[in-house]
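Undergrad: Below you'll find the structure I mean.
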Amino acid sequence: MKKLTIKKSFFGILLVVVATSCSQSSIFKSPATKIQGKWKIEKVSFRPFKSLVNTDVSSQYSGQSVEFNSDNSLTKYTLSDTLRGTWNIQQNVTSESSYNENLITAVTNSDGTVTISTLTNLYIGTKKIKAYEYRGDGTYYYVFEK
């Protein structure tokens, strides 16, 4: 009988610890809600196709940030421009039991052209975003920080 009481007590304590240590706001937010806010581009690495070597290209993105708004608009801040655009998160179903999320952005450049980007394998934490972008020349890996 004591073992059952100890197990119940342990389960009760574990439940209280989990419930109090995990904030409801971070657990139950959708990716579209978690991404909202201003994010600084912290690190960017590049790997050409057919290469095993990554190159740190973060200096090319120095001082840049992106602000994702709740109405799916975005503002991209570069050293020389403030650009406007839109964003959307889509689920990419890879099999019956797995999927990943993609961030699709469309930004109007200062010359009026629109650049569409798709960031794949999207991870959105409370303080970091990590994602990949596949372009014609290779793969870019981005880390954003709030």
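FYI, it's all coordinate maths here, none of it is from the lab. Predicted model, so just to flag it, every value in this text is computed and none were measured. When we count neighbours, we look across all protein chains shown, and the Cβ atoms used for this are built from the backbone with ideal geometry, even at glycine.
Undergrad: Lysine pairs in the range 29-145 with alpha-carbon atoms under 20 Å apart, 8 or more places apart or on different chains: how many are there?
TA: 24
Undergrad: Determine the shape class of the range 96-146: with a ≥ b ≥ c the square roots of the Cα gyration tensor eigenvalues, call it rounded for a/c under 1.5, and otherwise prolate if a/b is greater than b/c, oblate otherwise.
TA: Cα axes put the range 96-146 in the prolate bin.
Undergrad: Considering the Cα trace of the range 29-145, what is its radius of gyration and what is Dmax, both in angstroms?
TA: 14.3, 45
Undergrad: If Lys and Arg each add +1 and Asp and Glu each add -1, what is the summed charge of the other residues whose beta carbon sits under 12 Å from the beta carbon of Tyr140?
TA: +1
Undergrad: With a cut-off of 8 Å between alpha carbons and a minimum separation of six or more residues, what is the relative contact order of the range 29-145 in percent?
TA: 25 percent
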